[in-house]
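Structure record follows, encoded as structure tokens.
The values are calculated or read from the model by the stated rules, or taken from the named source; none is laboratory data. Note that this is a predicted model, so its numbers are computed, not measured. Note that we place each Cβ from the backbone using ideal geometry, even for glycine, and neighbour counts take in every protein chain shown. For the accessible areas, the whole protein counts, side chains as well, though only heavy atoms, and no ligand, DNA or RNA atoms are used. Shrake-Rupley method; radii C 1.70, N 1.55, O 1.52, S 1.80 Å.
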Amino acid sequence: AQKITQTQPGMFVQEKEAVTLDCTYDTSDPSYGLFWYKQPSSGEMIFLIYQGSYDQQNATEGRYSLNFQKARKSANLVISASQLGDSAMYFCAMRELMYSGGGADGLTFGKGTHLIIQP
Amino acid sequence: SQTIHQWPATLVQPVGSPLSLECTVEGTSNPNLYWYRQAAGRGLQLLFYSVGIGQISSEVPQNLSASRPQDRQFILSSKKLLLSDSGFYLCAWIGGRTEAFFGQGTRLTVV
């Protein structure tokens, strides 16, 4: 079974609108972290935001916020006031922290969402 | 702060030729290092990880190999490239709970 599911292969959004990118995850590890990355056409992976499984508050970083619903195993990324420069691939990733060991706790990625911001 | 250097940025290689991609890390010691591959339009697949010099673990069987000759150096190699090896290769450093950084990536095209 997929550990990270991103159900939106592509999205078109008008500039200045808010965007929600969906991410659901599957793990039995009680301790885990969730990451969102932006990948522009250049290919670099740009870290956006992190949410730990024990964090009480939803993470926020500037225009980015993470809507973390633990019971539903959902970690949606919200981009407020979208800009043309937000057009890119967006990846959700998870790191399992307790059951993995010896460096095996790499990130598991979803397949990504291609976001296109239209003027 | 941590910096990850990856080179070359772009590579076009014929089928059957060897491969060597290098990744070096600055600003940290004894890092956990990872090689990921991204096929066109897809997510990232973990290929290898290393927790220290000479220690390599493989996640996916393939004709690629990895080596960790120095603490901050991680190398991805192949003796004979296949067409299916084409893709975007990313080196990553994953440290504390919230830290996961990537290099700029190498776009490999096997022709």
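So how far, in whole Å, is the C-alpha centre of the stretch B:65-111 from the one of the stretch A:1-46? Each part's Cα centre sits 22 Å from the other's. Taking a point 7 Å from the Cα of A:Q8 along the Cα-to-Cβ direction, the residues of the stretch A:44-68 with backbone N closer than 18 Å to it are A:48-50, A:59-61, A:63-68. Note on A:K16 and B:H5: with the Förster distance fixed at 30 Å, the Cβ-Cβ geometry gives a FRET efficiency of about 0.20. A Förster radius of 22 Å combined with the Cβ-Cβ distance from B:D71 to A:F47 puts the calculated FRET efficiency at roughly 0.40. When the Cα convex hull of the stretch B:50-111 is projected onto planes of every orientation, the mean area is 4.9 nm².
Size descriptor for the protein assembly as shown, Kirkwood hydrodynamic radius: 18.2 Å (Cα pairs only, one decimal).
Expressed as a whole percent, the proportion of Cα-Cα pairs in chain A lying more than 26 Å apart is 17%.
The shape of chain B can be summarised by an equivalent ellipsoid whose semi-axes, obtained from the alpha carbon gyration tensor, come to 23, 14, 13 Å from longest to shortest.
Largest accessible area first, the residues A:F68, A:F12, B:F74 order themselves as A:F12, A:F68, B:F74 under a 1.4 Å probe with ligands, DNA and RNA left out. Per-residue surface analysis assigns A:S87 an accessible area of about 40 Å², computed on protein heavy atoms at 1.4 Å probe radius.
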